[in-house]
Structure formats: structure tokens, C-alpha cells
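Derivation of every value follows stated rules applied to the coordinates shown; laboratory data play no part. If you're wondering where the values come from, they're calculated on a predicted model, not measured in any experiment. Every residue, glycine as well, gets a Cβ built from its backbone with ideal geometry; the counts of neighbours run over all protein chains shown.
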Ligand code: CA
């Protein structure tokens, strides 16, 4: 089964380089140099498995295009990884609030990009994998699965983004321990921790939404950060 990626990136050199690299890795890539160019071809386009979307585009910008795609029933469910510049953290937060899957900051390492793509790809693949149980965390009704990036809550299973998983993993592994936003940034974002603390809150909010009735397991510790509260 081929994995189809649409890349929307106005810097042709980057677009070509990324396309070349990903094709070499066996992925199908089609790039567009503007949102307009992409929109012109939209109706004829085979639905991709993933969209890589540069946020800083001339004309219609990435966020605007993303909003548009979220209203399109065909594209609603297609995961989007945002490509962003270091000095543009506001757009990243907005994009994540709108439901983007992940983001990667330019200049990025192509292997890092590939790793993020693989997270998304793994989910769409149906083949049987060997079950590696080393990254399973169980707590009461909750089962966090690091291979599938899923959280099972009783009968229900939700998909997590890579960073949502990392945050939940951190909290679950140390129940009751309080982590400050700075600590979470450091553990989950590492080298990229120039992003604002606010991004942690955005992720926690999204996680809680996904966790539904279990949302209260992530407790806000006012003025400090968050902790995981095990329940009986
Ligand atoms: Ca750009």
C-alpha cells in the first residue's frame, strides 16, 4: 500500500529536496508551491494520507488553508503536519488548537521529518505487527500504547499525536508527581524547548478532550503545572 503525501511549500528548493528525500524512502509525494496552486487542483486530487503544510505561504497562508481543509468533508480527517519557522510560535499554537497533528520547525533534519511521518503512517497501515509490549502503560481502565500511539479507555480507543503520547507517558509513569510546564517542555520537546509554555496547556487541553470522562486524571496544579492522579 502506497502512502501519499501532499506537500505545500513555497520555497521550491525545500519542496524539491523534501520530495526527493521522501520518494527515496518509498513514499509518494506531490508538491504545490502555493495554497492557490493546491486549491486549483483540489477536485482532481486523490485524497492524500498526510499533508505537510508550510504555514508561511504567500497569498493564502497555511493557517487559512488549514481552516479551509477542516471544512472540507474529504479532507477533514487527513492529518496535517505543519512546517513552521522558529520565530513564529503563535501560528503553531493556533494550528494545534485547530487540530493539526504535529509540527516541525525549519530548518529541520529530513530524518526527523521522516520519523514524524512514520508516526502517522504507522496508524494507517493494516498489516500485522509484532506486538512489542515494552511501551504499554496500564492504569486502571487506561491503557497507553506507545507502538500505536493510542489510549484505550475501557471500550473506547483514541489516537494520540506523538507529543500527546509523550506528555501522557511522562505523567503516567510518575503518578502524583507534579511536573512544571518547563519540565514537561524539557522532557517532551527537548532541544526545541524555545516554544512557549502555553503550548503545554494547549496539549493538555487536547488530551483532556480526548480522554472524555477520564479527563480529570490530569490534574492542574495551580501556579505549578500538572500531575496524574491515579484513581481506584
Ligand atoms: Ca514559506
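Counting 0.36 nm for each residue step from residue 221 to residue 109 and taking away their Cα separation leaves a gain of 36.8 nm. Panel order for 17, 211, 82, by other beta carbons found within 10 Å of each beta carbon, from fewest to most: 17, 211, 82. Largest first and in whole Å, the equivalent-ellipsoid semi-axes of the chain read 31, 20, 16, each the square root of five times a Cα gyration tensor eigenvalue.
Principal-axis analysis of the Cα atoms of the chain puts helix 162-173 at an angle of about 10° to the longest axis.
Among the DSSP beta bridges whose two residues both lie in the chain, what percent are antiparallel, rounded to the nearest 5?
Numbers: 18 of 36 bridges.
Around 50 percent antiparallel, to the nearest 5.
Set the Cα radius of gyration of segment 136-228 against 2.2 N^0.38 Å, with N its number of residues, and you get 1.01.
Averaging the Cα positions of each part gives two centres, and for segment 147-165 and segment 169-230 these lie 16 Å apart. Against the chain, whose longest principal axis comes from its Cα atoms, helix 62-71 is set at around 80 degrees. Placing pseudo-labels 7 Å out from each Cα toward the beta carbon at residue 76 and residue 209 gives an inter-label distance of 1.4 nm. Where does helix 110-124 land angle-wise versus the long Cα axis of the chain, in degrees 0 to 90, nearest 10? On a 0 to 90 degree scale, this one is about 70.
One decimal place: the segment residue 201-residue 150 gains 16.3 nm when fully extended, by the rule 0.36 nm per residue minus the C-alpha distance.
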